[in-house]
Structures are given as C-alpha cells and as structure tokens.
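Data first, discussion second: the structure below is written as structure tokens.
Read-outs: derived from the displayed coordinates by stated rules, not from any lab. Computed from a prediction, not measured in an experiment: that's the story for all the values here. A quick note on method: Cβ atoms are made from the backbone with ideal geometry, for glycine too, and the neighbour counts reach across all protein chains shown.
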Amino acid sequence: MSQKQDEENPAEETGEEKQDTQEKEGILPERAEEAKLKAKYPSLGQKPGGSDFLMKRLQKGQKYFDSGDYNMAKAKMKNKQLPSTGPDKNLVTGDHIPTPQDLPQRKSSLVTSKLAGLFSEEIFIIPPLHFDIQGLGMLAA
Amino acid sequence: VAGAGGGGCPAGGNDFQWCFSQVKGAIDEDVAEADIISTVEFNYSGDLLATGDKGGRVVIFQREQENKSRPHSRGEYNVYSTFQSHEPEFDYLKSLEIEEKINKIRWLPQQNAAHFLLSTNDKTIKLWKISERDKRAEGYNLKDEDGRLRDPFRVTALRVPILKPMDLMVEASPRRIFANAHTYHINSISVNSDHETYLSADDLRINLWHLEITDRSFNIVDIKPANMEELTEVITAAEFHPHQCNVLVYSSSKGTVRLCDMRSSALCDRHSKFFEEPEDPSSRSFFSEIISSISDVKFSHSGRYMMTRDYLSVKVWDLNMESRPVETHQVHEYLRSKLCSLYENDCIFDKFECCWNGSDSAIMTGSYNNFFRMFDRNARRDVTLEASRENSKPRASLKPRKVCTGGKRKKDEISVDSLDFNKKILHTAWHPLENIIAVAATNNLYIFQDKIN
C-alpha cells in the first residue's frame, strides 16, 4: 500500500517518454500497455510484485471443506437449504460453506494416455473418425 | 549421422532443414485437461523419449532400430511403455488439492539393462524402473502351467524349470517414493553428475536427496523469510551443473540466477555467484518484474554456459561473467505491445522452457500459436517454425513462419492479433546427439528431424 505513494502518476511518465521516443522506442509500447491496464483497473497496486501477489501464487490449489464449519452451518440452518457456493466453486467466503456435493468431483485418470493410443499414427491419414478404445472410459464419464 | 559436431553439418555452417517426422496424440477439438502434455525429456542416449501429462501419466517412446526392409520407419519413435505415475490427492490437514500433473521428468544415466527416471508432481518425487521381460520360466514343480498350486503329494518327479522366450513385456515399477519434503510446489528436479544424488526445488526451498534414501532429505537452499510479509521473490527453476557435482544454480521470479557451491557450506543461502542483467531504471514499468521472471534455466552440455528464459527472451550467460548475458535472443518481442491483454488473460505468467542442442550451437524455445523458435548461435540466424497438423505430411519440410507487426501484412505472414494464445508450446526437447526435436503442442507431441540425417 505504501508503494502507491512513491510512484508518479503514470500519465506524466508517458508524457516525458514521448520526448525520448527516438532513443527509447522499445519502452513506449510497454508504458502504453501499463497505462491501458491502469485505466481498466484503477485500484491496481503500483508494483505487481510484493508479498500478497507471491503468496497467492504459493497457495494455488486451495480448496476449503471444513467438516466443523459444515456441521455448524447445517445445525444453524436446520430446515433451510444450505447456501451453495455459486458459480465459482473455488471461492468460499462468508456464509458460503461448500458441501461435499458442491466440490467438483475428483476424476482419477485411470485411462491410458491418448499419446499411447493404438491409432495415433494413422489418424491424420484416415478421415476424421478415430477409434480410441482406451478413451472410451473418458467418453462415458 | 551423429557426429561430435551435432548432426552432420556441411563445412559451410549449421543449416538445419527441419522436416516433419511424427505426431502423437488425438485430433480432438475438445482437449481433455488430463491430456495436456506437461513435460518432455529425452534420455541420455536419445533412444527413449518420455512425456508426462496433467493426468499424472507418463508415456515413453523408443526409437526404432534402422530396418533395411522398412527404410521409412528409420528412427521412428513408438510407444515403449506407459504408466500412471501420480494420482490426485487431497491434503485434508491443509485443505489442499494436490494435482497429479507431472511437472518434470528427469532420466538417470543408464547403468544396466533397466532404465530409471524420476518423475515429480507438486509434492512427491518418484523413481521409476522400466525393465524388459522377454523370457518366462516354465516347468515349475509346485505350480501348474496356468498358475494353480499342485498338491505336493501328487508330485512324483522333480524337474528344473527352463526359461522360454515370450513376447516382450515392458514393466514400469515405482522403486522409490520421495515424499513429504516440500511445503510448496515442486518446480524442478535435477540429477547430479555423481549419479547418486539429486535436487528438488519448490518456490522457496531446494532439497538434496540420495537416490537410495527416501526418509531423509537435506535442505540446501531456503529463501523463506521469517516474516512472509517480506517475501519478494520465489525460486522458479534449479539445476545441477553437468560435470561439477558441487555446483547448482537456481533462478528467481525477479530475473536473477544464483550459483551455489555445496562445498562452501551445508546451507547454500549465500550464493557464490549472482547473475543479473542491470536494468535501465527509466524503462521500468508495471510489467518489468513479471516479464523478467525466469521460467527455465539450463546449463549447456559443455558446462561453460547457462541459458535463462524469461517471458520475451532467451539469454545465454557465461558462468565466468555475472554482470550481463553474452547473448540475448528475442523470442516474440512483438508481444511487448500486448502486455495489457496478456496480463488480463494470465498468459504473461506462462512458463516457457528452453533447451540446447547436443553441441550447444543452437537453442530452442516455444511461443504461441504453436510456433517455436530456434536460434543458431554460430550462424547468428533464427527461425520461427510451426507445429501443426497442416504441415504433417511425412518428411515434409517445415516452412519458416513470420509474424507481422506493422500495418502491411505480407502473404503467408500472420498478424499479432491473429495469434492463438491458447496454442502454447511450453515444452520442447532436443535429442542429445542428433538433430531430432520433440515439441509438445498442448495434447499432441510432434517429432521433427533434420533432413540431412
């Protein structure tokens, strides 16, 4: 947050840039892109780095299901329906407790890879109708 | 023609003439997530080519021996073995889904008839043994031919079982499982030149393992700050030096590479060398740090150089010079004026890999629209090629492609706005001795060969 105060107004920077166009031709497109981004998302921090950004990167794959929360919510609701997680099943906030039914099913890949498929060589010669015996499991899923 | 020079180049120079050889995989329009190839690696001889995918599966191809009766199949790669390396897991304690996606495969040098490779997902590394069985014992005393146990009292005579030939069976079995050593996601594994140890690197730590020991791992690099609010960079890739077993490098999200010497101390938090190209402060923008993040680092086969891949370029560094790279090659500079939309669709975070050819005279890396780039370091020439089904006639030459940036688009050129950013070539591999390359285009694996071969 303190980083915002340090940086200058991006519009000023591009103004200065235009004077140096001849020497720094390559930089101008990047700065123009930055201005475009800031125009679309004014609340974007000045620096994309920083601990928040990196910590989000470190935590990819977080899925929350807490049986304690689930049971508490169930007890609270009693007869009412539990709120579903909505379109984005990965974002859980506030009252939206994911239920086991809401979490996307884990698909275990017990099907052989198509790279090892029997006809992967001939496919581009035979007209588009390919036999993928190993892949039938996936088609049926 | 596998010469020391790396592929029968005529006296005039290294003029590659790449031709289509094979393509593996289905032509579905709808690509299943599990089929997306996530890693490609030749073994030390180049006879085996391994791929890993998002579904946790490994497919190994083997090069066919030259066969005079079938000259066209000379040097073709066919399926040798396939197995499920990793399964999806759920860490209930941390509420973390552990993807089965294979992040990296690294072969071990061959020491006997069997082949060994390391494959890793985000959390667990596995050592797989791939062995052939072409004989079967017959004539057991206590078992029937179909396996049923015989009544020992019915056995009246003894015989010695004999080995009979059988159809070749290739078996893959997990020999070691190296688990629970990484809190963060593993991005690299690298086998040491001592052939006994290997490293595994995650976002913040690098661990050293012995191939025989699974219950112990030594931490050699730890960049986790005491206070996570002070986190400024993460480890993006790591590799052991090809000849010096005490030397390793790791790259960061800030565009730097640190070289560590394990002889200097047990914990290599202090680097021996620090490679960073000075940045022009006036050219700094919001995107500077993101596009400087190094997605791959690879030593040259000679061990004298290393190569780093950041979002827009590939740089070659002389290990003796930390101040700046000796070569910088632009991969797709035209994307600099598209950074805003590339940030919005997350493409700016794509992690491209890079590779050297056997003689270190050329380097290759992928781009978008199923394009990949090749740089001839000696001739100072570069070329853009495409992996597509349209150019898939056997032994058809690949035509160089060109992206047009300005207004006037010439015939056969493609404009930047027409590029398909969903068709990314992140993983490529070059045969260690010959001019054969493997290019992973989403769910298809393309193999190209140099015509001179």
If B:Arg377, B:Arg150 are placed from fewest to most neighbouring beta carbons inside 10 Å, the sequence is B:Arg150, B:Arg377
Given a cut-off of under 8 Å on Cα pairs at least six residues apart, what relative contact order in percent is computed for chain B? 16 percent
Hey, quick one: spin label on B:Asp350, modelled 7 Å out along Cα-Cβ, who in segment B:362-397 has an amide N within reach, i.e. under 17 Å? B:364-374, B:384-389
Hey, any idea what the orientation-averaged projected area of the convex hull of segment B:235-368's Cα atoms comes to, in nm²? 8.5 nm²
Proportion of all alpha-carbon pairs of chain B beyond 29 Å (%): 51 percent
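State the three equivalent ellipsoid semi-axes of segment B:173-213, derived from the C-alpha gyration tensor as the square roots of 5 times its eigenvalues, in descending order and whole Å.
Working: eigenvalues 62, 34, 13 Å².
Result for segment B:173-213: semi-axes of 18, 13, 8 Å.
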Spatially proximal aspartates and glutamates relative to A:Lys76 (Cα-Cα < 17 Å; intrachain offsets below 8 disregarded): A:Asp66, A:Asp95
Quarter of the surface of the C-alpha convex hull for segment B:141-211, i.e. direction-averaged projected area in nm², equals 9.7 nm²
Here the Cα Rg-to-2.2 N^0.38 Å ratio for segment B:21-135 is 1.21
Could you derive backbone 3J(HN,Hα) for segment B:241-254 from the dihedral phi with the Karplus parameters 6.51, -1.76 and 1.60 (θ = phi - 60°), listing whole Hz in sequence and x where the residue is Gly or Pro? 5, x, 10, 8, 5, 9, 10, 9, 10, 9, 9, 10, 6, 9
Divide by every residue of chain B the summed helix terms, -39500 (n - 2.57) for each DSSP H run of at least 4, and state the resulting mean residue ellipticity at 222 nm, rounded to the nearest 500 deg cm²/dmol. -500 deg cm²/dmol
Mind giving me the nanometre distance, one decimal, between the label points for B:His301 and B:Arg148, set 7 Å out from Cα along Cα→Cβ? 5.8 nm
In the structure shown, of B:Lys351/B:Lys399; B:Lys101/B:Lys402; B:Lys101/B:Lys164; A:Lys114/B:Lys338; A:Lys40/A:Lys114; B:Lys104/B:Lys164, the pairs separated by more than 30 angstrom at the C-alpha atoms are B:Lys101/B:Lys402; B:Lys101/B:Lys164; A:Lys114/B:Lys338; A:Lys40/A:Lys114; B:Lys104/B:Lys164
Kirkwood hydrodynamic radius of segment B:332-378 from all distinct Cα pairs, in Å? 12.2 Å
Near the amide H of B:Ile436, under 5 Å away, which other amide H atoms are found, from residues 5 or more places off or on another chain, if H is placed in the peptide plane? B:His431
Segment B:349-453: mean projected area of Cα convex hull, nm²: 7.6 nm²
Simple SL model, points at 7 angstrom along Cα→Cβ for B:Lys408 and B:Leu163; separation in nm is 7.2 nm
Sorted by Cβ neighbour density within 10 Å, fewest at the top, the residues A:Leu28, B:Leu204, B:Leu385: A:Leu28, B:Leu204, B:Leu385
What are the residues whose amide H is under 5 Å from the amide H of B:Asp202, where those residues sit 5 or more places off or on another chain and H is modelled from the backbone? B:Asn187, B:Asn207
